[in-house]
Amino acid sequence: MRYHTPNSFEDAARLAAQAQGVVRFLAGGTDVLVQLRTGGVTPDDLIDIKHIPGVHDITQTPEGGWRIVAAVSGAEMGEHAALRGDWPGVVEAMELVGSTQVQGRATLAGNLCNASPAADSVPALVAAGAVASVLGPDGAREVAVAEIPAGPGATTLAKGETSAAITLPPREAGGAGA
């Protein structure tokens, strides 16, 4: 297995494009590391994106939505008062993922890309109309979160693609979450 620590998402996409065989991205690692330890997946290339500058950012978009970059943990989301105020249902859904220790590592993007049928945050993202910024060997594209899950353990993402960030739209006037 080759272990890579790219300095940008563009470098990560280049590494994925050059890879032969199984590629996995590592941000929080709660699923990937378990798969490695149990022999469920042995990637030829493991691309660790958690050291890319800005990968832990939660920022408000100019339109008033929220951009949550790939390595933001569930715990970080829970501590962000403004995000919790706008999208309490999404934050609460991420807080349902595992124990307190797991929430310190588990990421929203990882919960989506792992395609577990028990991915607690995905229904909330779909209901919110969230969009994933997908990056891979063929470049970047925006995809509605609802279009990514394809079944248990399967996504519509192409080989070497991952979600670099998830964007929640601005809340509509009078909108609420649960």
Qualifying positions in the range 150-178 - part of a strand (DSSP E or B) and under 21 Å from Met94 (Cβ atoms): Thr155, Thr162, Ser163, Ala164, Ala165, Ile166, Thr167, Leu168
Residue match in the range 65-79 (condition: farther than 29 Å from Asp11 by Cα, of a type outside the set (S, T, N, Q) and at pLDDT below 95): yes
Set Glu10, Glu92: member being closer than 18 Å to Ala106 by Cα and either of a type in the set (Val, Ile, Thr) or in a helix (DSSP H, G or I) (or both): Glu92
Asp45 in contact with a His (Cβ under 9 Å, 6 or more places away or on another chain) and over 17 Å from Ala164 (Cα atoms): yes
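If you go through the range 34-51, how many residues are surrounded by fewer than 19 Cβ atoms within 10 Å (Cβ to Cβ) and either at pLDDT below 85 or in a helix (DSSP H, G or I) (or both)?
So the answer is 9.
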Pairs where the first residue, in the range 2-26, is under 16 Å from Leu157 (Cα atoms) and free of Cβ contacts under 8 Å to residues at least 24 places away in the same chain and the second is among the aliphatic types (A, V, I, L, M) and surrounded by 14 or more Cβ atoms within 10 Å (Cβ to Cβ), C-beta under 8 Å, 6+ apart: Arg24/Val32; Arg24/Leu46; Arg24/Ile47
Leading residue by the ranking (farthest from Pro6 (Cα to Cα)) among those in the range 114-149 that are assigned to a loop (DSSP other than H, G, I, E, B) and among the polar types (S, T, N, Q): Ser116
Check on Ser121, at pLDDT below 90 and in contact with a Leu (Cβ under 8 Å, 6 or more places away or on another chain): yes
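I'd like the full set of residues that are surrounded by fewer than 19 Cβ atoms within 10 Å (Cβ to Cβ) and not in a helix (DSSP H, G or I), limited to the range 66-89.
Those that are surrounded by fewer than 19 Cβ atoms within 10 Å (Cβ to Cβ) and not in a helix (DSSP H, G or I): Arg67, His80.
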Which listed residue, of Asp86, Asp31, is of a type outside the set (Gly, Ala, Ser) and either over 22 Å from Pro169 (Cα atoms) or modelled with pLDDT under 90 (or both): Asp31
Number of the exception - Ala164 against (1) surrounded by 21 or more Cβ atoms within 10 Å (Cβ to Cβ); (2) modelled with pLDDT under 90: (2)
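The values are calculated or read from the model by the stated rules, or taken from the named source; none is laboratory data. All values reported here derive from a predicted model rather than from experimental measurement. FYI the Cβ positions are ideal-geometry reconstructions off the backbone, even for glycines, and counts take in every protein chain you see.
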